[in-house]
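Structure first, commentary second.
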Amino acid sequence: MNYRPLGRTGYNVSEISFGAWAIGGAWGVVDDKTSMQALHRFIDRGGNFIDTADVYGDGRSERLVAQLKKERPNDKIIVATKAGRRLPKQTVEGYSRENLNSLSTAA
């Protein structure tokens, strides 16, 4: 696996990332066991960069990625996520810490 710097963050991320939309279940039937196997295989093959969002399976994808991080505490796994897409109105004010925290606990 090849790695490259992620901007100025100091993180070196795998050039291939794991796109977690499908494990959210929006693209057909998928079970958590198979999803976890895919995530583990990605890490086993040297991947360390996972892309997810709060709307992928209404938080299912993020919960599976959180489970992976708990099961692999010694691996450096970098997660890029999007948030706020469930806000009632897409405004700058909507992206406050209070609103985003309430969305994460609602999932």
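The values are calculated or read from the model by the stated rules, or taken from the named source; none is laboratory data. Model, not experiment: these values are computed from the prediction. Positions of Cβ are backbone-derived with ideal geometry, glycine not excepted, and every protein chain shown enters the neighbour counts. When the accessible area is computed, the model is the full protein with side chains, heavy atoms only, and any ligands, DNA or RNA have been set aside. Shrake-Rupley method; radii C 1.70, N 1.55, O 1.52, S 1.80 Å.
Summary of values
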read-out: Gap separating the Cα centres of the stretch 56-79 and the stretch 1-15, nearest whole Å; value: 19 Å
read-out: Theoretical ellipticity at 222 nm over the chain - DSSP helices of four or more residues, -39500 (n - 2.57) apiece, nearest 500; value: -10000 deg cm²/dmol
read-out: Protection proxy ranking of 64-70, 19-25 - average other beta-carbon atoms within 10 Å, highest first; value: 19-25, 64-70
read-out: The stretch 1-75, accessible area per residue, ligands and nucleic acids excluded (1.4 Å, Å²); value: 62 Å²
read-out: All-pairs Cα distance distribution in the stretch 37-81, expressed in whole percent, bin size 10 Å; value: 28, 59, 13
read-out: Assigned charges on the beta-carbon of Lys, Arg, Asp, Glu; the chain dipole about Cα centre (debye); value: 180 debye
read-out: Simple spin-label estimate for Arg72 and Asn12 in nanometres, 7 Å along Cα-Cβ; value: 1.7 nm
read-out: Full-stretch length increase - Trp21, Tyr95 - with 0.36 nm per residue and alpha-carbon distance subtracted; value: 24.4 nm
read-out: Kirkwood-based Rg to Rh ratio, the chain, C-alpha trace; value: 0.99
